[in-house]
1. Taking the mean number of other Cβ atoms within 10 Å as a proxy for protection, how do you rank 79-88, 62-71, 14-23 from highest to lowest?
2. Could you go through the range 37-50 in sequence order and give the Karplus-derived ³J(HN,Hα) for each residue, using 6.51 cos²θ - 1.76 cosθ + 1.60 with θ = phi - 60°, rounded to whole Hz, and x for Gly and Pro?
3. In whole Hz, what ³J(HN,Hα) sequence does the range 22-33 give by Karplus (6.51, -1.76, 1.60; θ = phi - 60°), x for Gly and Pro?
4. Could you calculate the contour length gain from residue 22 to residue 50, that is, 0.36 nm times the residue separation minus the distance between their Cα atoms, to one decimal place in nm?
Amino acid sequence: MAQNETQGGKGRDTYFVITYREQQEGKLVTLKARAVTDSSLGLSFIAISDFVFSTNGLVVNPTEEDLKKRFENVKTLHLSIYTIISIEEVGAEHDGLSFKKDKSNLVVLSPEQHQPRDK
């Protein structure tokens, strides 16, 4: 995996948006972090650290606040690659996806399509 701080002199102007399926409840969780690396737990895990939370005090996002409380004392989160839906590297000014006019190429997958198939 890539480590953001050391590659190409990128520094702290970018971060990763990681979307994964939580095993206990089966819901999708989206985290922001500055570092995504290989995990010391083995080949089928990645390590996520240096979490990023929005701090613009004007709008309170309950989901963001819950994630902040949940991960406030977590140094590194090790996730199985089988639970990860996507990892995006974005710039500091990233506000999420925005579709202004053309939605013709938008594909929406149902949660059932993301679950691993039983063998």
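Just so it is clear, none of the values below were taken in a lab; they were calculated from the coordinates. Just so you know, these numbers come straight off a predicted model, no measurement behind them. Cβ: placed from backbone, ideal geometry, glycine included. Neighbour counts: every protein chain shown.
1. Working: 79-88: 14.8, 62-71: 12.2, 14-23: 17.3.
Order by mean packing, descending: 14-23, 79-88, 62-71.
2. Calculated HN-Hα couplings, in order: 9, 5, 8, 6, 7, x, 5, 8, 10, 10, 10, 10, 8, 6 Hz.
3. 6, 5, 5, 9, x, 8, 7, 10, 10, 10, 10, 8
4. 8.1 nm
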